[in-house]
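Peer 1: Once you've had a glance at the structure underneath, I'll fire off some questions.
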Amino acid sequence: MIRVVLVDDHELFRAGVRNELAGLVEIVGEAGSVAEAAPVVRELDPDVVLLDVHLPDGGGEGVIAAVAQERPGVKFLALSVSDAAEDVIGVIRAGARGYVTKTISRDELADAIRRVADGDAVFSPRLAGFVLDAFRTGEPLAADAELETLTPREREVLQLIARGYLYKEIAARLHLSVKTIEAHVSSVLRKLQLSTRHELTRWAQERRLV
Amino acid sequence: MTQIPVLAFERSDDPVVAGVCGGIAQSLRVDATLVRLVFALLALAGGAGILLYLALWAWSSGRRPVLAIVILVVATMALLGALGVPGTTVLGAGLVVGGVFLLARRGASLRPGGGSFFIPGIALTMAGAVVMLDHIGKSRAVVAPGALAGALLLLMVPWVWQLARERGERIRLAERAAIAARIHDSVLQTLALVQRDADDPPRVRALARRQERELRRWLYGSGFGTATTFADALAEAVAEVEEAHLARVELATSGDAELDEPLTQLVLAAREAIVNAAKHARSDEISVYAEVEPRRVDVFVRDRGAGFDRSTVGSDRRGLADSIERRMRDAGGSATITSAPGAGTEVELSLPREEEP
């Protein structure tokens, strides 16, 4: 079973998630802050860390920054109620492989954890909207055009995710395989993390100042 | 009393005299001999080094800060004297410093009973000013106005400072009151509703969701009330439908624009489409995606519900034709509805727009 560490500053929410995921994944550890999370993740070396975007002492980015180097095998999935695009984009740029909202259903969450553990990217409709928005505005800083823009196909895939289509529905609609759709989403994730676009950089900087 | 970092030293356990030099050396991470050398050199400057040593000793023993400050002042005067600054000037400056210190610590209040050392402080300061100016000043004409100005300054500065502080306090209190009122109107009301409807999970979920949106829009967004941009207006419409029809709507947006008349019509058409999905599709989740491009705005409303065949919808049901299709046509846009029984429905609303300069 997939081993998961849960990082959220709300005890009640952690209890709820633990209950919901019982039997689907194994919750091996929990933490309520960046300071608590880093040693827990280092020691338990889980498959996936479910990570709240907002933590009292630095946010999800802080956890990723603290442990990603030593535990490169650990995948991070951001889980949040936050509507603020820059917060979500900040965590993704720090290295999270996906973002889902806390209103997600039990089965969808378990599925998202499985996909992240397999190395796929998990984009909720909301994240897809944020990403389209981020790549639409702001000037590229570097001349690396490949990294700075989405291909028409990637845009199309993201738009369909934002419209609420599942990967297999997108695949059917675009006459592509699900694997190809996953490859497009992973490519978008990579661009998101490596891009120097003005807007993304500004967001990241603002986050770091908080 | 706050301590200056350098002064936060512990006297050395292995003292030569009283352990002051060793302690400072340890706190500054330098060799004790160097510190001792500095003190020895300063001792040649009118005995300032010895006085400084005494002051630091009094300070580090913890219970004699006033004594330490007095010795420190004397040490400074000795040092200035050794540097060739005339003795009267030094004495005057010392008196002024002492007076200001006294005022700042004990006398800086115009409230009754506020400052027990107010008059001695003023007297000391003025005496210092007189001594100093008497020596420096070429003419005595400077002394009286100067002393008066100094006295006025000393009276005014704490008073202005206090006024500013009180004003800041008032602003903070007003902010607190506004926050309390807002939380009462929203969060507390919702919690009351949640308690009343505790046995109706969908209703509780919808209440919690709407409250969450409202609170978040207030915290991070453009505030409560009438939306002024397209994305905010759409978010409001979504929240209303969620509450009224107990549906779960996932809203994603890319881009935004000022809300004008055609965009208002687009929001209303989208709202109707969401209501339709909530009422008829019996879908557990509705997805809404809006994309604002320079030349067009698209809104997609999708559900995974029952779906329908257009030909079976009664002609008396005007929602689709009037509220969505005609509204879009009148606004200069179009509506496309894709649906089949069992396969869900997607309503696509498209509105061309002028590129803004």
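Peer 1: Have a look at segment A:84-107 and report residues whose accessible surface goes down by 40 Å² or more when the remaining protein chains are included, against the chain on its own, probe 1.4 Å, ligands and DNA/RNA excluded.
Peer 2: A:103
Peer 1: What net charge is computed for the residues neighbouring residue A:158, neighbours being all others with C-beta under 12 Å from the C-beta of residue A:158, Lys and Arg scored +1, Asp and Glu -1?
Peer 2: Cβ neighbours under 12 Å give a net charge of +2.
Peer 1: At 7 Å along Cα-to-Cβ for each site, give me the label-to-label distance between residue A:44 and residue B:340 in nm.
Peer 2: 4.6 nm
Peer 1: Mean-square fluctuation check for chain A, GNM, Cα pairs under 10 Å: which of A:21, A:12, A:189 is largest?
Peer 2: Taking springs between Cα atoms under 10 Å, the residue moving most is A:12.
Peer 1: Give me the dipole magnitude in Debye, nearest 20, for segment A:10-129 about the Cα centre, with unit charges on the beta carbon: positive for Lys and Arg, negative for Asp and Glu.
Peer 2: In debye, rounded to 20, segment A:10-129 gives about 200.
Peer 1: Roughly what percent of Cα-Cα pairs across segment A:96-137 reach past 13 Å?
Peer 2: 54 percent
Peer 1: Another question about this same structure. Provide the net charge surrounding residue B:328, with neighbours chosen by a C-beta distance below 14 Å and charges set as Lys +1, Arg +1, Asp -1, Glu -1.
Peer 2: Local net charge: -1.
Peer 1: Provide, for q = 0.12, 0.19 Å⁻¹, the log10 of I(q)/I(0) from a solvent-free Debye sum over equal Cα point scatterers in segment A:1-132.
Peer 2: For segment A:1-132, the Cα-only Debye profile gives -0.37, -1.02.
Peer 1: Sticking with this structure for a sec: Got a sec? What order do A:135, B:101 fall in by accessible area at 1.4 Å, biggest, i.e. largest, first?
Peer 2: Output order, biggest surface exposure first: B:101, A:135.
Peer 1: Right, here's the next one. Expressed as an acute angle from 0 to 90° and rounded to the nearest 10, what is the orientation of the C-alpha long axis of helix A:85-94 relative to the principal long axis of chain A?
Peer 2: 80 degrees
Peer 1: Let me know the mean shielding of A:157-168 by other chains, meaning the per-residue number of their Cβ atoms within 10 Å of its Cβ.
Peer 2: Mean partner-chain Cβ count within 10 Å for A:157-168: 5.
Peer 1: Still on this structure, please answer the following. With the Cα gyration tensor of segment A:16-73 giving a ≥ b ≥ c as the square roots of its eigenvalues, does the rule (a/c under 1.5 for rounded; else a/b larger than b/c for prolate; else oblate) give rounded, prolate or oblate?
Peer 2: oblate
The values are calculated or read from the model by the stated rules, or taken from the named source; none is laboratory data. The structure presented is a predicted model; accordingly, all values stated were derived computationally and were not measured. Note: ideal-geometry Cβ built from the backbone for every residue, glycine included; neighbour counts use all protein chains shown. Calculation scope for accessible area: heavy atoms of the full protein, side chains included, ligands and nucleic acids excluded. Shrake-Rupley method; radii C 1.70, N 1.55, O 1.52, S 1.80 Å.
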